Amino acid sequence: MKLFIDTADLKEIQEAAQWGVIDGVTTNPSLVAKTGNKDFKQVVQEITKLIDGPISAETISSDAKGMVEEGQKYAKWHKNIVIKVPMTEDGIQACKKLADEGIRVNVTLVFSANQALLAAKAGAYFVSPFVGRIDDAGADGMQLVRDIVQIYKNYGFKTQVLAASIRHPVHVLDTAKAGADVATCPYKVLKQLFRHPLTDKGVRQFLDDWKKLQSG
Ligand code: G3P
(Lines give C-alpha, C1' and ligand atoms only; values in the text may rest on other atoms or scores of the structure.)
Protein backbone atom coordinates (compact mmCIF):
# COMPACT_ATOMS: atom_id res chain seq x y z
CA MET A 1 0.00 0.00 0.00
CA LYS A 2 1.22 3.49 -0.81
CA LEU A 3 1.32 6.27 1.77
CA PHE A 4 0.80 9.84 0.61
CA ILE A 5 0.99 13.01 2.66
CA ASP A 6 -2.13 15.19 2.49
CA THR A 7 -0.77 18.72 2.80
CA ALA A 8 0.67 21.64 0.87
CA ASP A 9 2.94 22.65 3.76
CA LEU A 10 6.49 22.43 2.42
CA LYS A 11 8.07 22.01 5.86
CA GLU A 12 5.84 19.01 6.61
CA ILE A 13 6.54 17.48 3.20
CA GLN A 14 10.28 18.06 3.58
CA GLU A 15 10.38 16.30 6.94
CA ALA A 16 8.18 13.42 5.76
CA ALA A 17 10.31 12.99 2.63
CA GLN A 18 13.34 12.30 4.83
CA TRP A 19 11.65 9.23 6.30
CA GLY A 20 11.88 7.58 2.88
CA VAL A 21 8.43 5.98 3.05
CA ILE A 22 6.19 8.62 1.48
CA ASP A 23 5.10 7.77 -2.07
CA GLY A 24 3.20 10.90 -3.09
CA VAL A 25 1.36 14.08 -2.09
CA THR A 26 -2.24 15.24 -2.29
CA THR A 27 -3.27 18.88 -2.05
CA ASN A 28 -6.58 20.67 -2.33
CA PRO A 29 -7.53 24.37 -2.45
CA SER A 30 -8.15 24.44 1.34
CA LEU A 31 -4.70 22.97 2.06
CA VAL A 32 -3.01 25.42 -0.36
CA ALA A 33 -4.93 28.34 1.20
CA LYS A 34 -3.58 27.30 4.62
CA THR A 35 0.00 27.90 3.42
CA GLY A 36 -0.81 31.56 2.66
CA ASN A 37 1.15 31.31 -0.64
CA LYS A 38 -1.01 32.61 -3.50
CA ASP A 39 1.38 31.32 -6.17
CA PHE A 40 -0.13 27.86 -6.77
CA LYS A 41 2.39 26.98 -9.48
CA GLN A 42 5.27 27.74 -7.15
CA VAL A 43 3.77 25.66 -4.31
CA VAL A 44 3.25 22.66 -6.62
CA GLN A 45 6.67 22.95 -8.22
CA GLU A 46 8.36 23.11 -4.80
CA ILE A 47 6.49 19.94 -3.80
CA THR A 48 7.69 18.12 -6.91
CA LYS A 49 11.28 18.79 -5.80
CA LEU A 50 10.66 17.11 -2.44
CA ILE A 51 8.82 13.89 -3.35
CA ASP A 52 9.32 11.83 -6.49
CA GLY A 53 5.81 10.43 -6.83
CA PRO A 54 2.28 11.45 -7.83
CA ILE A 55 1.44 15.01 -6.71
CA SER A 56 -2.28 15.86 -6.91
CA ALA A 57 -3.11 19.44 -7.95
CA GLU A 58 -6.78 20.39 -7.90
CA THR A 59 -8.67 22.36 -10.55
CA ILE A 60 -10.98 25.16 -9.40
CA SER A 61 -13.16 25.67 -12.51
CA SER A 62 -16.78 24.60 -12.27
CA ASP A 63 -17.18 23.64 -15.93
CA ALA A 64 -15.54 20.78 -17.83
CA LYS A 65 -13.84 23.05 -20.38
CA GLY A 66 -12.17 25.08 -17.63
CA MET A 67 -11.08 21.94 -15.76
CA VAL A 68 -9.56 20.49 -18.91
CA GLU A 69 -7.65 23.71 -19.63
CA GLU A 70 -6.39 23.90 -16.06
CA GLY A 71 -5.46 20.22 -16.14
CA GLN A 72 -3.54 20.55 -19.40
CA LYS A 73 -1.68 23.55 -17.95
CA TYR A 74 -0.79 21.91 -14.61
CA ALA A 75 0.28 18.67 -16.31
CA LYS A 76 3.00 20.64 -18.15
CA TRP A 77 4.51 21.85 -14.87
CA HIS A 78 5.98 18.42 -13.99
CA LYS A 79 5.66 14.80 -15.09
CA ASN A 80 4.46 13.69 -11.62
CA ILE A 81 1.43 15.98 -11.49
CA VAL A 82 -1.97 14.32 -11.26
CA ILE A 83 -4.99 16.50 -11.96
CA LYS A 84 -7.71 16.53 -9.33
CA VAL A 85 -11.28 17.14 -10.47
CA PRO A 86 -14.43 17.05 -8.35
CA MET A 87 -17.00 14.26 -8.65
CA THR A 88 -19.55 16.21 -10.73
CA GLU A 89 -20.88 15.72 -14.27
CA ASP A 90 -18.35 18.31 -15.46
CA GLY A 91 -15.59 16.67 -13.43
CA ILE A 92 -16.28 13.27 -14.96
CA GLN A 93 -16.43 14.77 -18.45
CA ALA A 94 -13.08 16.52 -17.85
CA CYS A 95 -11.62 13.31 -16.40
CA LYS A 96 -12.50 11.35 -19.55
CA LYS A 97 -11.02 14.04 -21.81
CA LEU A 98 -7.80 14.39 -19.81
CA ALA A 99 -7.41 10.60 -19.41
CA ASP A 100 -7.82 10.18 -23.19
CA GLU A 101 -4.92 12.64 -23.59
CA GLY A 102 -2.77 10.51 -21.27
CA ILE A 103 -3.05 12.92 -18.32
CA ARG A 104 -3.57 11.21 -14.95
CA VAL A 105 -6.68 12.28 -13.02
CA ASN A 106 -7.72 11.98 -9.38
CA VAL A 107 -11.52 12.19 -8.97
CA THR A 108 -12.10 13.74 -5.57
CA LEU A 109 -14.99 14.36 -3.17
CA VAL A 110 -16.31 10.82 -3.67
CA PHE A 111 -18.98 9.80 -1.17
CA SER A 112 -20.67 6.81 -2.84
CA ALA A 113 -19.65 3.62 -4.65
CA ASN A 114 -21.71 4.61 -7.69
CA GLN A 115 -19.67 7.80 -7.97
CA ALA A 116 -16.51 5.67 -7.85
CA LEU A 117 -17.92 3.48 -10.62
CA LEU A 118 -18.40 6.57 -12.82
CA ALA A 119 -14.86 7.76 -12.05
CA ALA A 120 -13.41 4.39 -13.08
CA LYS A 121 -15.44 4.36 -16.30
CA ALA A 122 -14.08 7.86 -17.07
CA GLY A 123 -10.52 6.49 -16.82
CA ALA A 124 -9.55 8.06 -13.47
CA TYR A 125 -6.08 7.14 -12.25
CA PHE A 126 -7.13 7.65 -8.61
CA VAL A 127 -10.52 7.83 -6.93
CA SER A 128 -10.67 9.60 -3.58
CA PRO A 129 -13.38 8.47 -1.13
CA PHE A 130 -13.52 10.89 1.83
CA VAL A 131 -13.61 8.53 4.80
CA GLY A 132 -13.54 11.02 7.70
CA ARG A 133 -16.26 13.27 6.30
CA ILE A 134 -18.60 10.27 5.94
CA ASP A 135 -17.84 9.29 9.55
CA ASP A 136 -18.58 12.91 10.55
CA ALA A 137 -22.02 12.55 8.96
CA GLY A 138 -22.72 9.51 11.15
CA ALA A 139 -22.09 6.78 8.55
CA ASP A 140 -19.25 4.27 8.01
CA GLY A 141 -16.65 5.84 5.72
CA MET A 142 -14.48 2.75 5.62
CA GLN A 143 -17.35 0.63 4.27
CA LEU A 144 -17.28 2.85 1.19
CA VAL A 145 -13.58 2.05 0.69
CA ARG A 146 -14.32 -1.70 1.00
CA ASP A 147 -17.20 -1.44 -1.49
CA ILE A 148 -15.10 0.42 -4.06
CA VAL A 149 -12.19 -2.06 -3.74
CA GLN A 150 -14.64 -4.93 -4.30
CA ILE A 151 -16.40 -3.32 -7.27
CA TYR A 152 -13.11 -2.45 -8.99
CA LYS A 153 -11.91 -6.02 -8.41
CA ASN A 154 -15.15 -7.49 -9.81
CA TYR A 155 -14.65 -5.70 -13.11
CA GLY A 156 -10.89 -5.34 -13.31
CA PHE A 157 -10.93 -1.52 -13.22
CA LYS A 158 -7.37 -0.16 -13.04
CA THR A 159 -8.34 3.01 -11.13
CA GLN A 160 -6.46 3.12 -7.82
CA VAL A 161 -8.44 3.57 -4.61
CA LEU A 162 -6.98 6.47 -2.62
CA ALA A 163 -8.53 6.73 0.83
CA ALA A 164 -8.71 10.42 1.75
CA SER A 165 -10.00 12.49 4.66
CA ILE A 166 -8.01 10.18 6.93
CA ARG A 167 -8.21 11.39 10.50
CA HIS A 168 -6.40 8.84 12.71
CA PRO A 169 -4.18 5.72 12.63
CA VAL A 170 -7.11 3.27 12.72
CA HIS A 171 -8.27 4.72 9.39
CA VAL A 172 -4.84 3.83 7.95
CA LEU A 173 -5.01 0.30 9.36
CA ASP A 174 -8.52 -0.26 8.00
CA THR A 175 -7.53 1.17 4.60
CA ALA A 176 -4.72 -1.39 4.41
CA LYS A 177 -7.05 -4.22 5.51
CA ALA A 178 -9.59 -3.15 2.86
CA GLY A 179 -6.92 -3.61 0.18
CA ALA A 180 -7.01 0.02 -1.00
CA ASP A 181 -4.03 1.23 -3.03
CA VAL A 182 -3.23 4.44 -1.15
CA ALA A 183 -3.94 6.21 2.13
CA THR A 184 -3.31 9.94 2.03
CA CYS A 185 -2.70 11.19 5.54
CA PRO A 186 -2.21 14.52 7.27
CA TYR A 187 1.31 14.98 8.70
CA LYS A 188 -0.05 14.51 12.23
CA VAL A 189 -1.48 11.08 11.42
CA LEU A 190 1.76 9.99 9.72
CA LYS A 191 3.66 10.94 12.89
CA GLN A 192 1.17 8.95 14.97
CA LEU A 193 1.87 5.83 12.87
CA PHE A 194 5.41 5.72 14.28
CA ARG A 195 4.43 5.83 17.91
CA HIS A 196 3.87 3.04 20.40
CA PRO A 197 4.44 3.50 24.16
CA LEU A 198 6.11 0.09 24.42
CA THR A 199 8.60 1.06 21.69
CA ASP A 200 9.53 4.23 23.63
CA LYS A 201 9.77 2.26 26.88
CA GLY A 202 11.86 -0.47 25.22
CA VAL A 203 14.30 2.05 23.67
CA ARG A 204 14.76 3.78 27.07
CA GLN A 205 15.36 0.46 28.80
CA PHE A 206 17.94 -0.75 26.26
CA LEU A 207 19.86 2.53 26.59
CA ASP A 208 19.70 2.50 30.41
CA ASP A 209 20.99 -1.09 30.54
CA TRP A 210 23.77 -0.21 28.09
CA LYS A 211 24.84 2.80 30.24
CA LYS A 212 24.83 0.61 33.38
CA LEU A 213 27.16 -1.86 31.64
CA GLN A 214 29.57 0.94 30.61
CA SER A 215 29.71 2.45 34.10
CA GLY A 216 29.92 -0.91 35.93
O1 G3P B 1 -7.61 14.52 0.90
C2 G3P B 1 -8.81 15.12 1.26
C3 G3P B 1 -8.67 15.70 2.62
O4 G3P B 1 -7.78 16.76 2.60
C5 G3P B 1 -9.94 16.10 3.27
O6 G3P B 1 -9.72 15.90 4.61
O7 G3P B 1 -10.06 16.22 6.99
O8 G3P B 1 -10.75 18.02 5.36
O9 G3P B 1 -12.03 15.89 5.52
P10 G3P B 1 -10.71 16.55 5.68
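For the condition surrounded by fewer than 19 Cβ atoms within 10 Å (Cβ to Cβ), assigned to a loop (DSSP other than H, G, I, E, B) and more than 11 Å from the ligand (Cβ to nearest atom), what is the one hit in A176, A139?
So the residue among A176, A139 that is surrounded by fewer than 19 Cβ atoms within 10 Å (Cβ to Cβ), assigned to a loop (DSSP other than H, G, I, E, B) and more than 11 Å from the ligand (Cβ to nearest atom) is A139.
Against the numbered list (1) without any contact (Cβ under 8 Å) to a residue 40 or more places away in the chain; (2) of a type outside the set (F, W, Y); (3) surrounded by 19 or more Cβ atoms within 10 Å (Cβ to Cβ), V131 comes up short only at (1). Tell me, which residue of the stretch 1-46 that is assigned to a helix (DSSP H, G or I) and within 21 Å of V127 (Cα to Cα) is farthest from the ligand (Cβ to nearest atom)? Applying the filter and picking the extreme gives V44.
Here A124 meets the list (1) more than 16 Å from the ligand (Cβ to nearest atom); (2) among the small types (G, A, S); (3) crowded, with 24+ Cβ neighbours inside 10 Å almost entirely, failing just condition (1).
The residue list L144, L162 contains one member that is surrounded by 21 or more Cβ atoms within 10 Å (Cβ to Cβ), within 14 Å of the chain's Cα centre (by Cα) and either among the hydrophobic types (A, V, I, L, M, F, W, C) or part of a helix (DSSP H, G or I) (or both), which is L162. Given the criteria at pLDDT 95 or above and within 15 Å of the ligand (Cβ to nearest atom), does V149 qualify? Criteria not met by V149. Selection of the stretch 15-35 for residues being touching a helix residue (DSSP H, G or I) at 6+ places or on another chain (Cβ under 9 Å), surrounded by 16 or more Cβ atoms within 10 Å (Cβ to Cβ) and modelled with pLDDT of 95 or more yields E15, A16, A17, I22, V25, T27. Residues that are away from the ligand (no atom under 12 Å from the Cβ), touching a residue at least 12 places away in the same chain (Cβ under 8 Å) and not in a helix (DSSP H, G or I) do not occur anywhere in the stretch 182-192.
Filtering the stretch 47-59 to residues that are assigned to a loop (DSSP other than H, G, I, E, B) and among the small types (G, A, S) leaves only G53.
The values are calculated or read from the model by the stated rules, or taken from the named source; none is laboratory data. Everything numeric in this text was worked out from a predicted model, so none of it was measured. Note that each Cβ is placed from the backbone with ideal geometry, even for glycine, and that neighbours are counted across all protein chains shown.
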